């Protein structure tokens, strides 16, 4: 038998999302673990896709994406954040947000480069950094407020620091960055060559009248940042795997060197459909109120339980602290919840390298009302 080489990601297995979804399927549980809607996207968008397929737009798109879509992205960013990106030179359409993140890290991280991440963190950051020989430095945000101690972050900075990865709003905590966070970040990167990779896939899902502070609003950050967004989150089409990266031309040029050999280009008819659909700003400007109703429905339904509902400022995830319900660790409790009470969640420890257990789980509320009703009914019986 052939001797296989050592794995480049020896510590990586199946993601927690796949594990919990499989457990949910095996136990006929309500799946509030994986972050995807269980309702249909707008029929208008689906009709646009159908039209462009039937009109014959079924071959390769340009490397950077269809110009009409990139123009709409640039217009959206300018209207939302008062930041200007050149549609053709500074915006790249990608096969989802995760591909954009992977490509950005691949383009800039070399062996022994250090990358700062904030945990709880989306699970693709660290393995991708390690795949290209980088070293991850972690700042652990803790329940219940998940705040950043910027003095501690300064202590992570060294001459080898190449990149800081932000996730704003943060998945899984639902925390958003404040003006003070931005000011402190500006101080840290001033007079350095540190890049910022800003994962903003939930930028249009922010609640209670709060404002999403995109990295591109601040010129001193925009010049060193790669901004990542997702149409899957924006228009309830996570299975389409389409997103984008916006960055200054010098960064985009390097990004595209990897992108062309990673996927080269992205689904043509869907790009054209999204471009048409985005001409109506209401399709995304109403997203916060749409999901706030779902968040509030879930929170109200669980208000009488022994679960502690942590603040949810953005994303479509609600964090629950369960230490008054069970003394089990979060993975065991999430498993029990799925098998016995038929509601699948995700344990927060899976978002930490050191498996930090603070008795917190994550529920996805991007679901139909009847789905949430069933989950609430099951959870209130505990």
Given (1) surrounded by fewer than 16 Cβ atoms within 10 Å (Cβ to Cβ); (2) assigned to a strand (DSSP E or B), where does residue 115 come up short, assuming only one miss?
(1)
Of 79, 58, 47, the only residue that is touching a helix residue (DSSP H, G or I) at 6+ places or on another chain (Cβ under 8 Å) and more than 30 Å from residue 355 (Cβ to Cβ) is 58
Where in the range 142-235 are there strands (runs of 3 or more DSSP E), lying wholly inside it, with at least 1 residues that are free of Cβ contacts under 8 Å to residues at least 40 places away in the same chain?
195-199, 225-230
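Looking at 34, 59, which one is modelled with pLDDT under 95, surrounded by fewer than 19 Cβ atoms within 10 Å (Cβ to Cβ) and over 16 Å from residue 275 (Cα atoms)? Talk me through it step by step, then tell me what you get.
Details: 59 fails: modelled with pLDDT under 95.
Step by step, each of 34, 59 is checked, and only 34 is modelled with pLDDT under 95, surrounded by fewer than 19 Cβ atoms within 10 Å (Cβ to Cβ) and over 16 Å from residue 275 (Cα atoms).
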Total residues in the range 363-382, condition over 28 Å from residue 237 (Cβ atoms) and outside any helix (DSSP H, G or I)
3
Of all residues making up the range 1-21, the number that are surrounded by 10 or more Cβ atoms within 10 Å (Cβ to Cβ) and either within 19 Å of residue 336 (Cα to Cα) or free of Cβ contacts under 8 Å to residues at least 60 places away in the same chain (or both):
7
From the list 74, 83, 121, exactly one residue is part of a helix (DSSP H, G or I) and either outside the structural domain of residue 354 (by TED's automatic domain parsing) or buried (at least 19 other Cβ atoms within 10 Å of the Cβ) (or both). Which is it?
74
Filter the range 1-19 down to residues that are at pLDDT 85 or above and in contact with a helix residue (DSSP H, G or I) (Cβ under 7 Å, 6 or more places away or on another chain), then give me how many there are.
3
If I go through the range 283-327 residue by residue, how many of them are in contact (Cβ under 8 Å) with a residue 40 or more places away in the chain, buried (at least 17 other Cβ atoms within 10 Å of the Cβ) and assigned to a loop (DSSP other than H, G, I, E, B)?
8
Could you tell me whether the range 345-355 includes any residue that is outside the structural domain of residue 123 (by TED's automatic domain parsing), surrounded by fewer than 18 Cβ atoms within 10 Å (Cβ to Cβ) and touching a helix residue (DSSP H, G or I) at 6+ places or on another chain (Cβ under 6 Å)?
yes
If residue 24 meets every condition in (1) in contact with a strand residue (DSSP E or B) (Cβ under 9 Å, 6 or more places away or on another chain); (2) modelled with pLDDT of 95 or more; (3) surrounded by 15 or more Cβ atoms within 10 Å (Cβ to Cβ) apart from one, which number is that one?
(2)
Report, by residue number, each residue of the range 328-358 that is in a loop (DSSP other than H, G, I, E, B) and touching a residue at least 40 places away in the same chain (Cβ under 8 Å).
342, 345, 352, 353, 354, 356, 358
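The values are calculated or read from the model by the stated rules, or taken from the named source; none is laboratory data. Remember, it's a predicted structure, so these values are computed and weren't measured experimentally. Note: ideal-geometry Cβ built from the backbone for every residue, glycine included; neighbour counts use all protein chains shown.
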